[in-house]
Amino acid sequence: MSVSELAGDYFDGRSARPVKALASLTPQGLQLRGDTLDRVVPLSQVQWPERTRHGQRIVHVADGASFQAYDPAAFDAWRAGHGHRGSLVERAQQSWRGVLVAVALLAVLAGALYQWGLPAAARGVLSFVPASVDQRLGESALHTLGGQILEPSTLPMVQQEALKRAFDGAVAAAYPAGQAPAYRVHFHKSRIGPNAFALPGGIIVMTDELVKLVEGDVEVVVGVLAHELGHVEHRHGMRMVVQTGLLGVITSVAFGDFSGWLAAAPVILGQAAYSRAAEREADVTSIRILRAAGLSPLAMVRFFEKIGAKEGGRDRSLLGIAFASHPADAERIAVFREAAR
């Protein structure tokens, strides 16, 4: 065998039985010769799969036939000797430096998509979701929570109505007539302690335990409800649903159906990261409504001080408005103090 020929097995694409053959490259194409074989394949019909460092070397032909070389190193030299070095990507895969560069670029791209692409995509999708979907989802969520963690309020009805009137007045002062987002305030006794949260569709829930924690301070209650109205106004609840769905689809595509735990981890991280931005937006709404009603943003400072005194500075991951994923209390307190000047 001359140096221009390569030994291997030829498969005709119809039978699993190989034919020992010699392969050579000529101006006419790939020539394959054996005891019962004499074939020339035009180079336009030859496919060169990307080579791996230790894998077999196979040449595919358009009609389903293939040639498998016995010696991978000889194949690489034979192919390179005829000017077929492979693509830039293929060569980079054989270099640890190329792999490191690719991994670094992938990490940067993933970070950019995570930080900016996913929120932008969620906002785009959300613009096509009608408000009626928010309402149905919110009602369904409230019904589910009612059977799990929420119970009928034990606050006196007179106190509930007074707090609602105070909040309604603050909202009316902050928005032009008819421009305020639709909302409904519900008071509930709960199994999760002091809490307040907004559901899609304008449902705002405040627990009896939170009202008692702040000793019925009307300004604090208004500030907290205003914060939750900020979530309603920006449709944060639906945005999180859309973002979680998009992130779930992306991770499922990336990691496959057999990596459920790995696919769930980015979803959890995504919710934590994006909720920080949502909380800052909601705090801005709270400040605007308090100011419009002639109330000091220091009311929210008192709120955080009450929570801090109750929890002794420990992590308050069970408090809705003070989730661990929210901006740090010190940061938020500073914002409200500055707004009160």
Problem - Reachable aspartates and glutamates from K189, criterion Cα separation under 13 angstrom, eight or more residues apart if same chain - result: E151, D208, E209
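Once the other residues with Cβ under 13 Å from the Cβ of R184 are scored (Lys, Arg +1; Asp, Glu -1), what is the net sum? Before the final figure, lay out each step's value.
Details: positive: K164; negative: D134, E139, D168, E228.
Net local charge, R184 excluded: -3.
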Completion exercise
Log entry: pair-distance distribution for the stretch 98-214, C-alpha pairs binned every 5 Å from zero, whole % per bin is 2, 9, 13, 15, 14, 12, 11, 8, 6, 5, 3, 2, 1, 0, 0
Exercise for the section: Under a cut-off of 25 Å between alpha-carbon atoms, report the lysines in cross-link reach of K20, not counting same-chain residues fewer than 8 places apart. Expected result: none
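Could you give the length gained on full extension between R337 and R39, defined as 0.36 nm per residue of separation minus the Cα-Cα distance, in nm? Walk me through the numbers before you get to the answer.
Values: separation 298, 0.36 × 298 = 107.28 nm, distance 8.45 nm.
Net length gain for the segment: 98.8 nm.
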Completion exercise
Expected unfolding gain across A74-H186 under the 0.36 nm per residue rule, minus the alpha-carbon gap, is 32.6 nm
Problem - Solvent-accessible surface (1.4 angstrom probe) belonging to H234, in square angstrom, nearest 10 - result: 60
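Calculate, for Y175 and A104, the FRET efficiency according to 1/(1 + (r/R0)^6) with r their C-beta to C-beta distance and R0 35 Å; round to the nearest 0.05.
Working: r = 48 Å, r/R0 = 1.37.
For Y175 and A104, the calculated efficiency is 0.15.
The values are calculated or read from the model by the stated rules, or taken from the named source; none is laboratory data. Nothing here was measured: the structure is a model prediction, and the numbers come from that model. Using ideal geometry, Cβ is built from the backbone for each residue, glycine included, and neighbour counts are taken over all protein chains shown. Just the protein is used for accessible areas: all its heavy atoms, side chains included, with ligands, DNA and RNA removed. Shrake-Rupley method; radii C 1.70, N 1.55, O 1.52, S 1.80 Å.
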